[in-house]
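See structure below.
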Amino acid sequence: MNRTRTKKKIIAFLIATALVVLTLYLLYSFHDLLHNLFAVRIGLGESSANTFVRVLRLVFFALLAYLLVRALNSLIFGLVFRFRRGFEAPALVRNIFTIIAFTALFFLIFSRIFPGANLGALFTTSAIFGVILGLALQDTLGNFFAGISLQADRPFQVGDVITVGALRQTGVVEEITWRAVKIRTFANHIVLISNSTAAKEPIEVCPRNNLNARLVFFNTLYSDSPAKTIHVVREAVREADNVSQKITPVVRIRNLADNGVDYEVKYWLDDYSKYNDTDALVRQRIWYAFRRAKLNFAYPTRTLLIERRATAGLREGEESAIIERLSAVDIFAPLSPDEITTLAQAATSHVFAPEETVIRGGDPGSSMFVVHNGRVSVEVAENGMSRTVATLSDGAFFGEMALFTGEPRTASVVALEETEVLEIGHSAMKSVFDNNPDLVESLSHIIAERRQGLAATEDSARSKEDATAGLLSSIKRFFGLK
Ligand code: CMP
């Protein structure tokens, strides 16, 4: 395709050159005849006919010069530059070469054909000519100099993706000529932005050799966990074609909106000029990942919340899961199924994000917690540093010390991952104790043991039995038990 075009161009060039040379030959061979024709037949007079013939020669020599300059241009920049240096000269450089070479040749030809005339003086002394030329070339010269400054500054290069301020035109730079910047839009249209516009307008440049990022937006229902969503989307997007492996995509919550949680995923592209396709692929990957992970896109919704008093707002499935969880907690082993159900109905579920604090050491507390799903760490502050005393997972409990003794929280408990805990308050535990006095004793053992773990040096002096006995009586007192 390109080769046939070049061939056609060469043939056209050769024909044009041959025609011009032939015309010049005829002008010289039939000089007397032409001169006579203009001077006598048409009646221009001797000197005017002479000038007219010379002007004709000037025009054809100028044409020949133009053709030669074009040929030279193609030869130097098209062939020599490409092979020798491995790159193509910018269009603007080629244009400047053409203009300078042609002007020089034109001056030379003019001085040969009109030896007496001073072309420079003609240009400089003619004020009217200057004004006309200035006005006519105002825009052209503006573009020309803006083009030179674009070449010097190189704010963008061929292959970069640019968006031009007010025009909001985005495309890949194909060429920077002496008049305009040529970009190919993503609809495969060519847009020409004059150099003076390009120099004036703010331009967003996404360089070809740069890791440029994109943002793709999506949302989920409020019932979908952010930690899970972030993980699922990050993993789905990082594998997509043209998503750079050098930086892991980032998924963030943008807004807690009316219909759901709004997210953005930021990813980096290997080839930015293909961002439309890659954005589409990323959206597609998110859809499939949502499907597999049972996540839901948010859509305009009206949620009808019907509370059932009997279950204190818990949905049926949730209630049975809570009963199952509490039955598996060792300290509740002595409780009957009815007592467990009562406890489950009194329990409130809370979800914590990774690294969120569930309870803070030193705070007052009147409830205990059972880890429903997830993992927490128990941390105490020592010399301004935090020490992890224990890590608790599904089925373990914490917060019982403050609940049973009335003292402040002995440690902070922090979620290690997304964690759901069940909170049981003072009054629910009191009714359990009333029916199961033995429970207080087993709890006293656990609390005494945990206290030892908290401050080994201080408590090791006292025997565990003493501590348990002391705790037993203080719990009984605190809960008003006999
Ligand atoms: P509480 O003092 O109410 O609040 C902090 C909780 O951390 C505490 O109750 C215990 O439930 C828990 N805790 C303290 N020390 C330990 C330990 N050594 N092992 C496990 N859990 C502990």
Subject >> Count - residues of region 355-370 that are more than 9 Å from the ligand (Cβ to nearest atom), open to solvent by 40 Å² or more (accessible area, probe 1.4 Å) and in contact with a helix residue (DSSP H, G or I) (Cβ under 9 Å, 6 or more places away or on another chain) >> reply: 2
Original post:
For Met385, all conditions in the list (1) among the hydrophobic types (A, V, I, L, M, F, W, C); (2) farther than 21 Å from Leu403 by Cβ; (3) touching a strand residue (DSSP E or B) at 6+ places or on another chain (Cβ under 8 Å) hold save one; what is the number of the exception?
Top reply: (3)
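Of everything in region 141-156, what is farther than 19 Å from Val205 by Cα and either open to solvent by less than 30 Å² (accessible area, probe 1.4 Å) or not aromatic (Phe, Trp, Tyr) (or both)? Give them in sequence order.
Kept after step one, since they are farther than 19 Å from Val205 by Cα, are these residues of region 141-156: 141-145.
Residues satisfying the conditions are Leu141, Gly142, Asn143.
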**OP:** Only residues in region 359-376 that are part of a loop (DSSP other than H, G, I, E, B) count as the first member; pair them with residues that are more than 9 Å from the ligand (Cβ to nearest atom) and hydrophobic (A, V, I, L, M, F, W, C), Cβ under 8 angstrom, at least 6 apart or cross-chain, and list the lot.
**Re:** Gly361/Ala381; Gly374/Phe352; Gly374/Ala415; Gly374/Leu416; Gly374/Val421
**OP:** Looking for whichever is over 21 Å from the mean Cα position of the chain (by Cα) and surrounded by 15 or more Cβ atoms within 10 Å (Cβ to Cβ) here; the options are Asn188, Asn212, Asn195. Which one fits?
**Re:** Asn195
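When region 216-247 is examined, which residues are found to be over 23 Å from Ala298 (Cβ atoms) and either small (Gly, Ala, Ser) or surrounded by 15 or more Cβ atoms within 10 Å (Cβ to Cβ) (or both)?
Taking region 216-247 as the starting set, the residues that turn out to be over 23 Å from Ala298 (Cβ atoms) are 238-239, 241-247.
Residues satisfying the conditions are Arg238, Asn242, Val243, Ser244.
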Original post:
Out of (1) farther than 30 Å from Phe156 by Cα; (2) touching an Asp or Glu at 6+ places or on another chain (Cβ under 7 Å), the odd one out for Val205 is which?
Top reply: (1)
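Can you name the residue in region 430-449 that is in a helix (DSSP H, G or I) and open to solvent by 60 Å² or more (accessible area, probe 1.4 Å) and is also modelled with the lowest pLDDT among such residues?
So in region 430-449, the residues in a helix (DSSP H, G or I) come out as 430-435, 438-449.
Next cut, open to solvent by 60 Å² or more (accessible area, probe 1.4 Å) only: 430, 434-435, 438, 441, 445, 449.
On the way: Lys430: 85, Asp434: 84, Asn435: 82, Asp438: 79, Glu441: 83, His445: 85, Glu449: 85.
Among residues in region 430-449 that are in a helix (DSSP H, G or I) and open to solvent by 60 Å² or more (accessible area, probe 1.4 Å), the one modelled with the lowest pLDDT is Asp438.
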Original post:
Hey, Val251 hits all of (1) surrounded by 15 or more Cβ atoms within 10 Å (Cβ to Cβ); (2) in contact (Cβ under 8 Å) with a residue 24 or more places away in the chain but one; which does it fall short on?
Top reply: (2)
Original post:
Can you tell which of Phe87, Phe97, Phe77 is out of contact with any Ser or Thr (no Cβ under 6 Å at 6 or more places or on another chain), closer than 29 Å to Asn143 by Cα, buried (at least 17 other Cβ atoms within 10 Å of the Cβ) and at pLDDT below 85?
Top reply: Phe77
Original post:
Across region 387-429, what is the total count of residues that are away from the ligand (no atom under 13 Å from the Cβ) and loosely packed, with under 14 Cβ neighbours inside 10 Å?
Top reply: 1
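Determine, yes or no, whether Leu269 is modelled with pLDDT of 85 or more, open to solvent by less than 40 Å² (accessible area, probe 1.4 Å) and out of contact with any Lys or Arg (no Cβ under 9 Å at 6 or more places or on another chain). Don't jump to the end; show me each part of the working.
Numbers: modelled with pLDDT of 85 or more: yes; open to solvent by less than 40 Å² (accessible area, probe 1.4 Å): yes; out of contact with any Lys or Arg (no Cβ under 9 Å at 6 or more places or on another chain): no.
It is false that Leu269 is modelled with pLDDT of 85 or more, open to solvent by less than 40 Å² (accessible area, probe 1.4 Å) and out of contact with any Lys or Arg (no Cβ under 9 Å at 6 or more places or on another chain).
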Subject >> Qualifying residues in region 157-181 (those that are open to solvent by less than 20 Å² (accessible area, probe 1.4 Å) and of a type in the set (Val, Ile, Thr)) - the one farthest from the chain's Cα centre (by Cα) >> reply: Ile176
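From Glu423, Glu407, grab the single residue that is in contact (Cβ under 8 Å) with a residue 40 or more places away in the chain and not in a helix (DSSP H, G or I). Don't jump to the end; show me each part of the working.
Working: Glu407 fails: in contact (Cβ under 8 Å) with a residue 40 or more places away in the chain.
Checking each option against the conditions leaves just Glu423.
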Original post:
For region 252-268, what are the residues that are under 15 Å from Asp224 (Cα atoms), of a type outside the set (Lys, Arg) and either in contact with a helix residue (DSSP H, G or I) (Cβ under 6 Å, 6 or more places away or on another chain) or assigned to a strand (DSSP E or B) (or both)?
Top reply: Ile253, Asn255, Leu256, Val261, Asp262, Tyr263
Subject >> Residue tally, condition open to solvent by less than 100 Å² (accessible area, probe 1.4 Å), modelled with pLDDT of 80 or more and farther than 14 Å from Leu56 by Cα, over region 1-36 >> reply: 9
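Only residues that are part of a helix (DSSP H, G or I) and open to solvent by less than 70 Å² (accessible area, probe 1.4 Å): list them for region 38-60, please. Give the steps one after another, and end with the answer.
Of all residues in region 38-60, those part of a helix (DSSP H, G or I) come to 38-41, 46-60.
The answer is Phe38, Ala39, Ser48, Ala49, Asn50, Thr51, Val53, Val55, Leu56, Arg57, Leu58, Phe60.
Every residue in region 371-386 that is over 17 Å from Ala344 (Cβ atoms) and either near the ligand (Cβ under 8 Å from one of its atoms) or at pLDDT 95 or above (or both), please.
Restricting attention to region 371-386, the residues satisfying the condition of being over 17 Å from Ala344 (Cβ atoms) are 374-386.
Result: Gly374, Arg375, Val376, Ser377, Val378, Glu379, Val380.
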Subject >> Positions within region 307-333 being at pLDDT below 70 and either open to solvent by less than 100 Å² (accessible area, probe 1.4 Å) or not basic (Lys, Arg) (or both), in sequence order >> reply: Glu307, Ala310, Thr311, Ala312, Gly313, Leu314, Glu316
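The values are calculated or read from the model by the stated rules, or taken from the named source; none is laboratory data. What you see is a predicted model; the values in this text were computed from it and never measured. Every residue, glycine among them, receives a Cβ derived from its backbone with ideal geometry; neighbour counts consider all protein chains shown. The protein model used for the area step is the full one, side chains on, heavy atoms only, and it has no ligands, DNA or RNA in it. Shrake-Rupley method; radii C 1.70, N 1.55, O 1.52, S 1.80 Å.
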